[in-house]
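For reference, the structure is listed below as structure tokens.
The values are calculated or read from the model by the stated rules, or taken from the named source; none is laboratory data. Quantities reported herein were computed from a predicted structural model and do not represent experimental measurements. Here Cβ is always computed from backbone atoms with ideal geometry, including for glycine, and neighbour counts include all displayed protein chains.
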């Protein structure tokens, strides 16, 4: 019991644990709650710079479906480039390479390589549009939507009044916050 309590007190961040387990992770990496970098085979995983893993993303370098039938678990490297965003609940399967400047939509299952400069989504993840097309569309949307500064975020102590104001200003259902 005491060992369990000490382990909880000495817990490392999930990113630090992944690095300790052998994952190669670049700078400006953001791993949100519940995201998992295969703890048993992290050394097969490389992640670039400016990468965000939204909540509950799973990156797997092993596939144990062969364990009972063959007596072995299948392994494959995973490589994720620079400036990649993996949406909430995305699963990246073993053997996948994701290029630079890629967005993967929430809930996607990435079963094959994704080229640089693209947006993918779905099960299995499929091409939606180019990265630049997506950003241009969102930039245009932002010009016609309310934009809020960092004081409108939980991290900066947004008030109840500001929450009501945000919802009132988002008459089209969309807004942007720093």
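Kindly indicate whether residue 148 is surrounded by fewer than 16 Cβ atoms within 10 Å (Cβ to Cβ) and either in contact with a strand residue (DSSP E or B) (Cβ under 9 Å, 6 or more places away or on another chain) or within 30 Å of residue 23 (Cα to Cα) (or both). Full working, then the answer.
Details: surrounded by fewer than 16 Cβ atoms within 10 Å (Cβ to Cβ): no; either in contact with a strand residue (DSSP E or B) (Cβ under 9 Å, 6 or more places away or on another chain) or within 30 Å of residue 23 (Cα to Cα) (or both): yes.
Taking the combined requirement at face value, the residue does not satisfy it.
Out of (1) under 18 Å from the mean Cα position of the chain (by Cα); (2) at pLDDT 95 or above; (3) surrounded by 12 or more Cβ atoms within 10 Å (Cβ to Cβ), the odd one out for residue 17 is which?
Every condition holds for residue 17 apart from (2).
Which of the residues spanning segment 68-97 are assigned to a strand (DSSP E or B) and within 19 Å of residue 129 (Cβ to Cβ)? Quick ask: steps written out before the conclusion?
First pass over segment 68-97, keeping only residues assigned to a strand (DSSP E or B): 74-75, 78-80, 84-86, 91-92, 97.
Hits for segment 68-97 are 84, 85, 86.
Could you tell me which of the residues 61, 54 is in contact (Cβ under 8 Å) with a residue 40 or more places away in the chain and under 19 Å from residue 15 (Cβ atoms)?
Details: 61 fails: in contact (Cβ under 8 Å) with a residue 40 or more places away in the chain.
When all the criteria are applied, what remains is 54.
Run residue 97 past the list (1) under 25 Å from residue 82 (Cβ atoms); (2) outside the structural domain of residue 55 (by TED's automatic domain parsing) and report the number of the one that doesn't hold.
Of (1) under 25 Å from residue 82 (Cβ atoms); (2) outside the structural domain of residue 55 (by TED's automatic domain parsing), only one is false for residue 97: (2).
Residue 73 fails exactly one of the following numbered conditions: (1) within 23 Å of residue 34 (Cα to Cα); (2) in the same structural domain as residue 46 (by TED's automatic domain parsing); (3) more than 17 Å from the chain's Cα centre (by Cα); (4) surrounded by 13 or more Cβ atoms within 10 Å (Cβ to Cβ). What is the number of that condition?
Checking residue 73 against (1) within 23 Å of residue 34 (Cα to Cα); (2) in the same structural domain as residue 46 (by TED's automatic domain parsing); (3) more than 17 Å from the chain's Cα centre (by Cα); (4) surrounded by 13 or more Cβ atoms within 10 Å (Cβ to Cβ), the one that fails is (1).
Tell me, please, whether a residue that is out of contact with any strand residue (DSSP E or B) (no Cβ under 6 Å at 6 or more places or on another chain), part of a loop (DSSP other than H, G, I, E, B), at positive phi and surrounded by 15 or more Cβ atoms within 10 Å (Cβ to Cβ) can be found in segment 98-116.
yes
For segment 151-174: of the residues being touching a helix residue (DSSP H, G or I) at 6+ places or on another chain (Cβ under 8 Å) and outside any loop (DSSP other than H, G, I, E, B), which is surrounded by the fewest Cβ atoms within 10 Å (Cβ to Cβ)?
156
So residue 86 ticks every box in (1) without any contact (Cβ under 8 Å) to a residue 12 or more places away in the chain; (2) surrounded by 19 or more Cβ atoms within 10 Å (Cβ to Cβ) but one. Which box is left unticked?
Among (1) without any contact (Cβ under 8 Å) to a residue 12 or more places away in the chain; (2) surrounded by 19 or more Cβ atoms within 10 Å (Cβ to Cβ), residue 86 violates only (1).
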